[in-house]
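The values are calculated or read from the model by the stated rules, or taken from the named source; none is laboratory data. Keep in mind the model is a prediction, meaning the values are calculated, not measured. Virtual Cβ from ideal backbone geometry, glycine too; neighbours counted across all protein chains shown.
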Amino acid sequence: MHDIPDRTNWQNNLACQRRTRIPRRWLCRAALSLIPALIGSAHAVSPHETTTMRARYLSTAKAKIAPAQPADYDLVIRGARVLDGAGNPCIFADVAIKDGRFVKIGKIAGIGRTEIDARGRYVSPGWIDMMDQSGIALPKNGLAENKLMEGVTTAIGGEGGTPAPAEQIRDFWATLEKGGISLNFGSYFSETQARVAVLGYDSRQPTPDELEKMKAILATAMENGAMGMTTALIYPPSSYATTPELIEMAKVAAKYGGMYASHMRGEGKELVQSVDELIEISEKGGLPGEVFHFKAAYSPGWGKLIQEAGAHIEAARARGVDVAADLYVYTAGGTGLEATIPSWAHEGGNDAMLTRLADPEIRAKLKKEIVTGSPGWWNIIEACGGWQNVVLVNAQNPDNAKYEQHTISEIAKEQHKDPADVAFDFVAQAKTGRVLAIYHMMSEQDIEAALKFPWTSIGSDAGTALTPGGDDALGLPHPRSYGNFPRVIARYVREKHVLTLEDAIRKMTSWPATRMRIGDRGLIRLGMWADVVIFDYDKIQDRSTYEHPDVTPDGIDYVLVNGQVVIDHGKHTGARPGKIIYGPGYKN
């Protein structure tokens with residue numbers, strides 16, 4: 001990518017090409033790029049030209065146009081393998097962008113103020129993260145480097161709701177717009193936000209009057225731009241909500257054209273029943289339903305539960321219920337260590353929970369329920385097969401940091417404690433936030449099965465890092481924060497052939513845009529916003545791991561948001577062209 005230099009630099013560049021012995025036919029192409037009538041004649045690199053020579057050419061050859069000559073477009077991408085996002089095979093074409101939108105696709109004779117030589121590269125619409133956690137981070141770091149470096153140009157947040165109460169959501173949008181953001185962002189509003197505003201942390205059902213107050217709060221959120229309603233039903237106080245309550249609240253979101261999306265009540269042996277509850281809420285509430293991070297977190301059910309749950313979703317879709325799911329492509333999840341504590345102990349809030357943990361009799365009861373189960377609580381220890389599969393990754397206490405990257409079982413052995421006591425103590429000793437852990441509880445075969453359903457899209461369950469190379473704003477070091485989207489292509493297209501490239505791109509572009517009713521993104525088509533990822537199929541690779549989770553991927557050359565280059569070969573340009581994605585009920 002380059003802006004237009006002067007002729008002297010162009011001559012020097014050709015001299016550099018001669019020194020590197022680039023074939024004459026390539027020099028001819030570079031020279032011809034000066035002639036507007038022929039500038040659109042660039043074609044894809046011949047299959048007979050080696051990857052090494054392509055890379056050398058791309059690093060040295062740049063379109064050069066005399067500065068006196070006016071540009072026809074803001075940016076032109078030349079000679080790309082264009083994947084439109086709809087699942088079609090690629091075409092070999094140029095792509096022109098003006099005023100932030102795609103304005104021409106094909107052979108383009110006109111000149112771009114900036115030109116990108118994309119021969120040998122794929123060009124796709126920008127990738128859409130269907131389950132993002134960036135809401136609290138974007139006001140602090142609008143550059144969102146880790147998201148953009150993995151190709152995410154639009155992020156949909158809000159599993160836990162908007163970072164502001166319903167009546168202040170417009171102020172939150174205004175803060176983002178004033179400071180500027182580098183990607184597009186929209187957010188759901190959580191049913192729990194309305195519930196807590198009216199009921200606090202009480203484990204009870206609302207009275208009719210209280211329910212009406214909750215509905216009014218959700219209506220305000222929808223009119224202020226929320227994309228729909230979410231729940232996180234494994235976490236108190238969201239877990240205190242019953243299905244009838246959620247149906248009534250969902251009807252409010254439906255009135256405004258919103259969606260219902262959920263971290264469901266259970267993702268282990270109760271997965272199918274949890275999917276059925278989501279389907280019921282969607283069907284009776286009259287709105288689309290989205291399963292967040294679709295998974296079967298229960299080793300005895302691997303290979304069976306995901307297929308059965310998928311069959312229930314397909315049956316619902318067949319009868320006209322608009323239900324689908326998203327997933328991340330890792331076999332471990334990540335959440336707070338407090339999730340290992342039965343739900344009833346959370347009633348009244350964090351201080352009440354800590355008081356209960358300090359009571360030896362109550363603690364003994366909690367430990368017993370980890371073995372026997374507890375009504376209304378998803379037993380995450382059962383789901384992951386035991387404490388040996390729970391890795392402490394953020395102790396939120398300097399005194400306990402030495403135990404990070406060790407399993408709770410290992411720590412318990414070292415401390416001569418019961419593993420549950422270790423977990424409870426870490427939660428009680430936290431000083432700066434939620435104690436976080438990685439839970440190894442899914443299987444590769446289930447990820448592959450989930451990806452094959454045509455109605456699944458991709459969501460990371462990860463947010464913007466507050467600093468480049470750091471953990472996401474939740475403080476959770478998980479490789480999905482940096483590698484989720486490249487991993488879909490590198491592992492499940494190129495390596496394992498689970499998906500075709502065209503379908504993988506569809507799942508990351510037009511399908512999520514269609515699901516979220518974002519009508520002007522997700523495709524490379526005339527008039528649509530020009531969110532773009534330019535990548536090298538042979539080299540794209542996630543590099544983040546559980547041991548080193550904050551490593552950026554390889555193989556993504558450029559990322560454009562609304563027609564502006566934001567990532568240039570692994571470097572953020574500083575541009576902040578992102579826009580707010582308002583929900584369908586937004587009223588100016």
inquiry  = Of everything in segment 91-113, what is of a type in the set (Val, Ile, Thr), over 30 Å from Arg487 (Cβ atoms) and in a strand (DSSP E or B)? Give them in sequence order.
reply    = Val103
ask   = Failed condition for Thr52, given (1) under 20 Å from Asp538 (Cβ atoms); (2) at pLDDT 55 or above; (3) surrounded by fewer than 16 Cβ atoms within 10 Å (Cβ to Cβ), with all others met?
value = (2)
message = Looking at the structure I just gave you, is Leu392 at pLDDT 95 or above, of a type in the set (A, V, I, L, M, F, W, C), assigned to a strand (DSSP E or B) and within 30 Å of Ala412 (Cα to Cα)?
response = yes
message = I need the full set of residues from segment 446-460 which are small (Gly, Ala, Ser), surrounded by fewer than 23 Cβ atoms within 10 Å (Cβ to Cβ) and either touching a strand residue (DSSP E or B) at 6+ places or on another chain (Cβ under 8 Å) or not in a helix (DSSP H, G or I) (or both), in order please.
response = none
key: Single unsatisfied condition, Asp202 versus (1) in contact with a Pro (Cβ under 9 Å, 6 or more places away or on another chain); (2) assigned to a helix (DSSP H, G or I)   = (2)
request  = For segment 506-549, name all the residues that are over 30 Å from Pro584 (Cβ atoms), assigned to a loop (DSSP other than H, G, I, E, B) and touching a strand residue (DSSP E or B) at 6+ places or on another chain (Cβ under 7 Å).
outcome  = Asp536, Tyr537, Lys539, Ile540, Arg543, Tyr546
key: Tally, over segment 204-223, of residues that are over 17 Å from Ala254 (Cβ atoms), in contact (Cβ under 8 Å) with a residue 40 or more places away in the chain and touching a Lys or Arg at 6+ places or on another chain (Cβ under 9 Å)   = 0
note = Filtering segment 173-220 down to residues that are more than 23 Å from the chain's Cα centre (by Cα), closer than 22 Å to Trp344 by Cβ and β-branched (Val, Ile, Thr) yields Val196, Val198, Thr207
ask   = Of the residues that make up segment 508-526, is at least one in contact with a Lys or Arg (Cβ under 6 Å, 6 or more places away or on another chain), farther than 24 Å from Ala450 by Cα and of a type in the set (Gly, Ala, Ser)?
value = no
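Here is a yes/no grid of residues against (1) surrounded by fewer than 22 Cβ atoms within 10 Å (Cβ to Cβ); (2) within 25 Å of Asp326 (Cβ to Cβ):
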{"residue": "Ala96", "(1), (2)": "no, no"}
{"residue": "Arg101", "(1), (2)": "yes, no"}
{"residue": "Lys104", "(1), (2)": "yes, no"}
{"residue": "Gly112", "(1), (2)": "no, no"}
{"residue": "Glu115", "(1), (2)": "no, no"}
{"residue": "Pro125", "(1), (2)": "no, yes"}
{"residue": "Asp132", "(1), (2)": "no, yes"}
{"residue": "Glu150", "(1), (2)": "no, yes"}
ask   = Under 7 Å by Cβ, and 6 or more places apart or on different chains, what pairs join a residue from segment 178-197 that is more than 17 Å from Glu212 (Cβ to Cβ) with one that is among the basic types (Lys, Arg) and assigned to a loop (DSSP other than H, G, I, E, B)?
value = Gly180/Arg576; Ile181/Arg576; Ser182/Arg576; Asn184/Lys579
query = Does Leu451 meet the test of being closer than 23 Å to Ala232 by Cα, among the aliphatic types (A, V, I, L, M), within 23 Å of the chain's Cα centre (by Cα) and assigned by TED's automatic domain parsing to the domain that holds Asn484?
reply = yes
note = The condition of being part of a strand (DSSP E or B) and not acidic (Asp, Glu) holds, among Thr175, Thr154, Thr162, only for Thr154
